[in-house]
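Participant: Below: one structure in C-alpha coordinates.
The values are calculated or read from the model by the stated rules, or taken from the named source; none is laboratory data. Quantities reported herein were computed from a predicted structural model and do not represent experimental measurements. Quick reminder, even Gly has a Cβ in these numbers, built from the backbone with ideal geometry, and neighbours come from all protein chains shown.
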Ligand SMILES: CC(C)(COP(=O)(O)OP(=O)(O)OC[C@H]1O[C@@H](n2cnc3c(N)ncnc32)[C@H](O)[C@@H]1OP(=O)(O)O)[C@@H](O)C(=O)NCCC(=O)NCCS
(Lines give C-alpha, C1' and ligand atoms only; values in the text may rest on other atoms or scores of the structure.)
Protein backbone atom coordinates (compact mmCIF):
# COMPACT_ATOMS: atom_id res chain seq x y z
CA UNK A 1 0.00 0.00 0.00
CA UNK A 2 1.51 3.33 -0.97
CA UNK A 3 1.10 6.32 1.33
CA UNK A 4 1.30 9.88 0.03
CA UNK A 5 3.58 11.21 2.78
CA UNK A 6 3.17 14.79 1.63
CA UNK A 7 -0.49 14.59 2.61
CA UNK A 8 0.59 13.78 6.17
CA UNK A 9 3.23 16.52 6.36
CA UNK A 10 1.29 19.37 4.81
CA UNK A 11 -1.22 21.16 7.08
CA UNK A 12 -4.71 21.58 5.69
CA UNK A 13 -5.23 25.30 5.32
CA UNK A 14 -8.29 27.11 6.54
CA UNK A 15 -9.72 29.74 4.23
CA UNK A 16 -8.49 33.22 5.19
CA UNK A 17 -9.90 36.42 3.70
CA UNK A 18 -7.19 38.38 1.83
CA UNK A 19 -5.67 41.58 3.24
CA UNK A 20 -6.82 44.50 1.05
CA UNK A 21 -3.73 46.56 0.17
CA UNK A 22 -3.38 49.97 1.78
CA UNK A 23 -1.02 52.90 1.59
CA UNK A 24 0.16 55.84 3.65
CA UNK A 25 2.41 58.82 3.21
CA UNK A 26 5.62 58.61 5.22
CA UNK A 27 7.26 61.51 7.04
CA UNK A 28 9.68 61.52 4.07
CA UNK A 29 6.73 62.32 1.73
CA UNK A 30 6.95 58.93 0.00
CA UNK A 31 3.98 56.63 -0.59
CA UNK A 32 4.30 53.35 1.25
CA UNK A 33 2.21 50.34 0.26
CA UNK A 34 1.33 47.38 2.49
CA UNK A 35 0.10 44.31 0.63
CA UNK A 36 -0.22 40.59 1.07
CA UNK A 37 2.05 38.27 -0.88
CA UNK A 38 1.63 34.63 -1.77
CA UNK A 39 4.00 31.68 -1.91
CA UNK A 40 5.30 32.56 -5.37
CA UNK A 41 6.72 35.85 -3.98
CA UNK A 42 8.70 34.29 -1.12
CA UNK A 43 11.86 33.54 -3.20
CA UNK A 44 12.00 37.27 -4.07
CA UNK A 45 12.01 38.23 -0.38
CA UNK A 46 14.40 35.70 1.15
CA UNK A 47 17.61 37.17 -0.38
CA UNK A 48 16.92 40.49 1.41
CA UNK A 49 16.37 38.83 4.80
CA UNK A 50 19.41 36.53 4.61
CA UNK A 51 22.15 39.18 5.09
CA UNK A 52 20.42 40.48 8.23
CA UNK A 53 21.19 37.19 9.97
CA UNK A 54 24.68 38.67 10.49
CA UNK A 55 23.52 42.00 11.95
CA UNK A 56 23.63 41.72 15.75
CA UNK A 57 22.50 45.28 16.34
CA UNK A 58 18.91 45.58 17.61
CA UNK A 59 18.47 41.77 17.37
CA UNK A 60 18.23 41.79 13.58
CA UNK A 61 20.20 38.50 13.58
CA UNK A 62 17.71 36.54 15.65
CA UNK A 63 14.61 38.07 14.08
CA UNK A 64 16.01 37.59 10.55
CA UNK A 65 16.87 33.93 11.24
CA UNK A 66 13.41 33.28 12.61
CA UNK A 67 11.48 35.12 9.92
CA UNK A 68 13.61 33.42 7.26
CA UNK A 69 12.54 30.04 8.63
CA UNK A 70 8.90 31.16 8.87
CA UNK A 71 8.87 32.36 5.27
CA UNK A 72 10.40 29.06 4.15
CA UNK A 73 7.87 27.11 6.21
CA UNK A 74 5.09 29.03 4.48
CA UNK A 75 6.68 28.55 1.05
CA UNK A 76 7.13 24.82 1.62
CA UNK A 77 3.78 24.18 3.31
CA UNK A 78 5.10 23.41 6.76
CA UNK A 79 3.11 25.85 8.87
CA UNK A 80 -0.59 26.15 9.59
CA UNK A 81 -2.43 29.22 8.29
CA UNK A 82 0.42 31.70 7.93
CA UNK A 83 0.16 34.99 6.02
CA UNK A 84 2.90 37.40 4.90
CA UNK A 85 2.58 41.14 4.24
CA UNK A 86 5.27 43.19 2.51
CA UNK A 87 5.79 46.91 2.76
CA UNK A 88 7.19 48.76 -0.25
CA UNK A 89 8.19 52.26 -1.26
CA UNK A 90 8.39 52.64 -5.07
CA UNK A 91 8.75 48.87 -5.24
CA UNK A 92 11.61 48.80 -2.73
CA UNK A 93 11.13 46.33 0.12
CA UNK A 94 11.16 48.31 3.39
CA UNK A 95 9.54 45.88 5.84
CA UNK A 96 8.09 42.38 6.16
CA UNK A 97 5.53 41.16 8.70
CA UNK A 98 3.94 37.78 9.23
CA UNK A 99 1.74 35.83 11.59
CA UNK A 100 -0.88 33.14 11.60
CA UNK A 101 -4.37 32.27 12.66
CA UNK A 102 -4.46 29.96 15.72
CA UNK A 103 -8.23 29.55 15.66
CA UNK A 104 -11.18 31.65 14.58
CA UNK A 105 -10.78 34.00 17.57
CA UNK A 106 -7.04 34.11 18.27
CA UNK A 107 -4.14 35.26 16.11
CA UNK A 108 -0.41 34.69 16.59
CA UNK A 109 1.89 37.53 15.62
CA UNK A 110 5.20 36.20 14.33
CA UNK A 111 7.66 38.88 13.23
CA UNK A 112 8.13 42.43 12.07
CA UNK A 113 11.38 43.45 10.41
CA UNK A 114 12.16 46.93 9.10
CA UNK A 115 14.68 47.15 6.25
CA UNK A 116 14.71 50.94 6.26
CA UNK A 117 15.22 52.68 9.59
CA UNK A 118 13.99 55.84 11.20
CA UNK A 119 10.60 56.31 9.46
CA UNK A 120 8.43 54.02 11.64
CA UNK A 121 7.92 51.68 8.69
CA UNK A 122 8.16 48.76 11.14
CA UNK A 123 5.53 50.34 13.39
CA UNK A 124 3.16 50.83 10.42
CA UNK A 125 3.82 47.28 9.20
CA UNK A 126 2.94 45.86 12.62
CA UNK A 127 -0.21 48.01 12.73
CA UNK A 128 -1.26 46.63 9.33
CA UNK A 129 -0.96 43.05 10.50
CA UNK A 130 -3.02 43.81 13.58
CA UNK A 131 -5.61 45.36 11.29
CA UNK A 132 -5.59 42.13 9.29
CA UNK A 133 -6.32 40.07 12.42
CA UNK A 134 -9.10 42.32 13.76
CA UNK A 135 -10.77 43.94 10.75
CA UNK A 136 -10.34 41.25 8.10
CA UNK A 137 -10.13 37.97 10.03
CA UNK A 138 -12.49 39.33 12.75
CA UNK A 139 -10.42 37.93 15.59
CA UNK A 140 -10.75 38.77 19.28
CA UNK A 141 -7.09 38.96 20.27
CA UNK A 142 -3.55 38.55 18.98
CA UNK A 143 -0.71 36.95 20.96
CA UNK A 144 2.55 38.86 20.80
CA UNK A 145 6.09 38.66 22.22
CA UNK A 146 9.11 40.86 21.59
CA UNK A 147 12.72 39.83 21.06
CA UNK A 148 14.22 43.32 21.06
CA UNK A 149 13.97 46.39 23.30
CA UNK A 150 12.76 48.45 20.31
CA UNK A 151 10.08 45.82 19.66
CA UNK A 152 9.06 45.94 23.32
CA UNK A 153 8.76 49.73 23.15
CA UNK A 154 6.82 49.65 19.90
CA UNK A 155 4.32 46.91 20.81
CA UNK A 156 4.07 46.37 24.59
CA UNK A 157 4.41 50.01 25.60
CA UNK A 158 2.85 51.94 22.70
CA UNK A 159 -0.26 49.69 22.58
CA UNK A 160 -0.25 48.98 26.35
CA UNK A 161 -0.58 45.26 25.68
CA UNK A 162 -2.08 42.98 28.30
CA UNK A 163 -0.04 40.18 29.86
CA UNK A 164 -1.14 36.59 29.34
CA UNK A 165 1.00 34.83 32.01
CA UNK A 166 -0.50 31.38 31.37
CA UNK A 167 0.07 31.38 27.62
CA UNK A 168 3.44 30.51 26.08
CA UNK A 169 3.97 32.18 22.71
CA UNK A 170 5.02 29.95 19.80
CA UNK A 171 8.24 31.94 19.42
CA UNK A 172 9.37 31.06 22.94
CA UNK A 173 10.72 33.70 25.29
CA UNK A 174 8.51 35.14 28.02
CA UNK A 175 4.81 34.31 28.25
CA UNK A 176 2.62 36.06 25.71
CA UNK A 177 1.23 39.53 25.71
CA UNK A 178 -2.03 40.20 23.91
CA UNK A 179 -3.54 42.94 21.82
CA UNK A 180 -7.27 42.84 22.45
CA UNK A 181 -9.96 44.26 20.18
CA UNK A 182 -10.54 47.04 22.72
CA UNK A 183 -6.85 48.07 22.73
CA UNK A 184 -6.79 47.88 18.94
CA UNK A 185 -9.85 50.14 18.62
CA UNK A 186 -8.19 52.64 20.96
CA UNK A 187 -5.17 52.82 18.63
CA UNK A 188 -7.20 53.55 15.49
CA UNK A 189 -6.27 56.83 13.85
CA UNK A 190 -3.10 57.21 15.93
CA UNK A 191 -0.99 54.04 15.67
CA UNK A 192 -3.17 52.51 12.96
CA UNK A 193 -3.27 54.71 9.90
CA UNK A 194 -3.44 54.38 6.11
CA UNK A 195 -5.91 54.66 3.24
CA UNK A 196 -7.66 52.50 0.69
CA UNK A 197 -7.85 52.00 -2.20
CA UNK A 198 -4.20 52.31 -3.15
CA UNK A 199 -3.89 54.52 -6.27
CA UNK A 200 -3.59 52.24 -9.29
CA UNK A 201 -0.13 53.40 -10.38
CA UNK A 202 1.27 53.08 -6.84
CA UNK A 203 -0.09 49.54 -6.46
CA UNK A 204 1.07 48.56 -9.95
CA UNK A 205 4.61 49.68 -9.09
CA UNK A 206 4.56 47.61 -5.90
CA UNK A 207 3.22 44.53 -7.69
CA UNK A 208 5.63 44.82 -10.60
CA UNK A 209 8.65 43.64 -8.58
CA UNK A 210 9.95 43.45 -5.03
CA UNK A 211 13.06 45.61 -5.33
CA UNK A 212 16.07 45.37 -2.99
CA UNK A 213 16.22 47.62 0.09
CA UNK A 214 18.31 50.71 -0.67
CA UNK A 215 19.82 51.14 2.81
CA UNK A 216 19.35 47.95 4.85
CA UNK A 217 20.91 47.45 8.30
CA UNK A 218 24.44 46.14 7.88
CA UNK A 219 26.95 44.54 10.25
CA UNK A 220 29.45 47.03 11.67
CA UNK A 221 32.79 47.44 9.94
CA UNK A 222 34.48 46.82 13.30
CA UNK A 223 33.68 43.20 14.15
CA UNK A 224 34.12 43.58 17.92
CA UNK A 225 31.45 46.28 18.01
CA UNK A 226 28.68 44.03 19.26
CA UNK A 227 30.83 42.65 22.09
CA UNK A 228 32.13 46.02 23.16
CA UNK A 229 28.81 47.81 23.21
CA UNK A 230 27.71 46.04 26.37
CA UNK A 231 30.43 47.76 28.41
CA UNK A 232 31.44 50.75 26.40
CA UNK A 233 29.04 52.26 23.90
CA UNK A 234 31.77 54.35 22.34
CA UNK A 235 34.11 51.37 21.99
CA UNK A 236 37.15 53.51 22.65
CA UNK A 237 38.42 51.56 25.71
CA UNK A 238 38.46 48.26 23.87
CA UNK A 239 39.95 49.70 20.73
CA UNK A 240 42.68 51.46 22.68
CA UNK A 241 43.49 48.21 24.48
CA UNK A 242 43.67 46.37 21.17
CA UNK A 243 45.82 49.03 19.52
CA UNK A 244 48.19 48.88 22.51
CA UNK A 245 48.51 45.11 22.11
CA UNK A 246 49.18 45.56 18.42
CA UNK A 247 51.82 48.17 19.26
CA UNK A 248 50.01 50.86 17.32
CA UNK A 249 49.89 53.36 20.23
C1 LIG B 1 11.33 46.78 15.82
C2 LIG B 1 11.33 47.42 14.44
C3 LIG B 1 10.43 46.62 13.51
C4 LIG B 1 10.76 48.84 14.57
O5 LIG B 1 10.81 49.44 13.31
P6 LIG B 1 10.45 51.00 13.12
O7 LIG B 1 9.15 51.28 13.77
O8 LIG B 1 10.55 51.28 11.67
O9 LIG B 1 11.54 51.78 13.94
P10 LIG B 1 13.14 51.90 13.69
O11 LIG B 1 13.78 50.60 13.95
O12 LIG B 1 13.46 52.56 12.40
O13 LIG B 1 13.50 52.92 14.82
C14 LIG B 1 13.36 52.58 16.19
C15 LIG B 1 14.09 53.60 17.01
O16 LIG B 1 15.48 53.45 16.79
C17 LIG B 1 16.03 54.62 16.26
N18 LIG B 1 17.00 54.17 15.26
C19 LIG B 1 17.79 53.09 15.43
N20 LIG B 1 18.60 52.95 14.36
C21 LIG B 1 18.30 53.90 13.51
C22 LIG B 1 18.80 54.27 12.25
N23 LIG B 1 19.79 53.61 11.64
N24 LIG B 1 18.27 55.30 11.63
C25 LIG B 1 17.31 56.00 12.22
N26 LIG B 1 16.79 55.70 13.43
C27 LIG B 1 17.29 54.67 14.08
C28 LIG B 1 14.87 55.44 15.75
O29 LIG B 1 15.14 56.81 15.90
C30 LIG B 1 13.72 55.01 16.61
O31 LIG B 1 13.58 55.77 17.76
P32 LIG B 1 12.11 56.06 18.37
O33 LIG B 1 11.58 54.78 18.88
O34 LIG B 1 12.37 57.06 19.42
O35 LIG B 1 11.27 56.58 17.22
C36 LIG B 1 12.77 47.52 13.85
O37 LIG B 1 13.59 48.18 14.78
C38 LIG B 1 13.38 46.17 13.53
O39 LIG B 1 13.12 45.60 12.47
N40 LIG B 1 14.21 45.66 14.46
C41 LIG B 1 14.88 44.41 14.30
C42 LIG B 1 13.93 43.25 14.39
C43 LIG B 1 13.02 43.35 15.57
O44 LIG B 1 13.42 43.61 16.68
N45 LIG B 1 11.74 43.11 15.31
C46 LIG B 1 10.71 43.12 16.31
C47 LIG B 1 10.79 41.88 17.07
S48 LIG B 1 9.84 42.05 18.54
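Participant: Output the number of residues of the range 183-201 satisfying the condition of being over 22 Å from the mean Cα position of the chain (by Cα) and either buried (at least 18 other Cβ atoms within 10 Å of the Cβ) or touching a residue at least 40 places away in the same chain (Cβ under 8 Å) (or both).
Facilitator: Count: 2.
Participant: Of the conditions (1) more than 13 Å from the ligand (Cβ to nearest atom); (2) touching a strand residue (DSSP E or B) at 6+ places or on another chain (Cβ under 7 Å); (3) without any contact (Cβ under 8 Å) to a residue 40 or more places away in the chain, residue 126 satisfies every one except a single condition; which number is it?
Facilitator: Of everything listed in (1) more than 13 Å from the ligand (Cβ to nearest atom); (2) touching a strand residue (DSSP E or B) at 6+ places or on another chain (Cβ under 7 Å); (3) without any contact (Cβ under 8 Å) to a residue 40 or more places away in the chain, residue 126 misses just condition (1).
Participant: Looking at the range 24-44, I want the residues that are in a helix (DSSP H, G or I) and have a partner that is buried (at least 18 other Cβ atoms within 10 Å of the Cβ) with Cβ atoms under 6 Å, at least 6 apart or on another chain. Which pairs are those?
Facilitator: Listed by first residue and then by second, the contacts come to 39/75; 42/71; 42/75; 44/210.
Participant: Please state which of the following conditions residue 94 fails to meet, knowing it meets all the rest: (1) under 15 Å from the mean Cα position of the chain (by Cα); (2) crowded, with 17+ Cβ neighbours inside 10 Å; (3) away from the ligand (no atom under 15 Å from the Cβ).
Facilitator: It is condition (3) that residue 94 fails.
Participant: Which one of these is modelled with pLDDT of 95 or more, within 11 Å of the ligand (Cβ to nearest atom) and within 19 Å of residue 97 (Cα to Cα): 211, 119, 143, 161?
Facilitator: 119
Participant: For the range 97-116, how many residues are more than 7 Å from the ligand (Cβ to nearest atom) and within 17 Å of residue 211 (Cβ to Cβ)?
Facilitator: Count: 2.
Participant: Among (1) more than 12 Å from the ligand (Cβ to nearest atom); (2) free of Cβ contacts under 8 Å to residues at least 60 places away in the same chain; (3) crowded, with 21+ Cβ neighbours inside 10 Å; (4) not in a loop (DSSP other than H, G, I, E, B), there is one condition residue 88 misses while meeting the rest; what is its number?
Facilitator: Checking residue 88 against (1) more than 12 Å from the ligand (Cβ to nearest atom); (2) free of Cβ contacts under 8 Å to residues at least 60 places away in the same chain; (3) crowded, with 21+ Cβ neighbours inside 10 Å; (4) not in a loop (DSSP other than H, G, I, E, B), the one that fails is (2).
Participant: Among the numbered criteria (1) surrounded by 24 or more Cβ atoms within 10 Å (Cβ to Cβ); (2) within 14 Å of the ligand (Cβ to nearest atom); (3) over 18 Å from residue 213 (Cα atoms), which single criterion is violated by residue 132?
Facilitator: Of everything listed in (1) surrounded by 24 or more Cβ atoms within 10 Å (Cβ to Cβ); (2) within 14 Å of the ligand (Cβ to nearest atom); (3) over 18 Å from residue 213 (Cα atoms), residue 132 misses just condition (2).
Participant: Report whether or not residue 88 is modelled with pLDDT of 95 or more and either more than 19 Å from residue 143 (Cα to Cα) or in contact with a helix residue (DSSP H, G or I) (Cβ under 7 Å, 6 or more places away or on another chain) (or both).
Facilitator: yes
Participant: Scan the range 47-56 residue by residue and report those that are touching a helix residue (DSSP H, G or I) at 6+ places or on another chain (Cβ under 7 Å), part of a helix (DSSP H, G or I) and over 21 Å from residue 124 (Cα atoms).
Facilitator: Across the range 47-56, the qualifying residues are 50, 53, 54.
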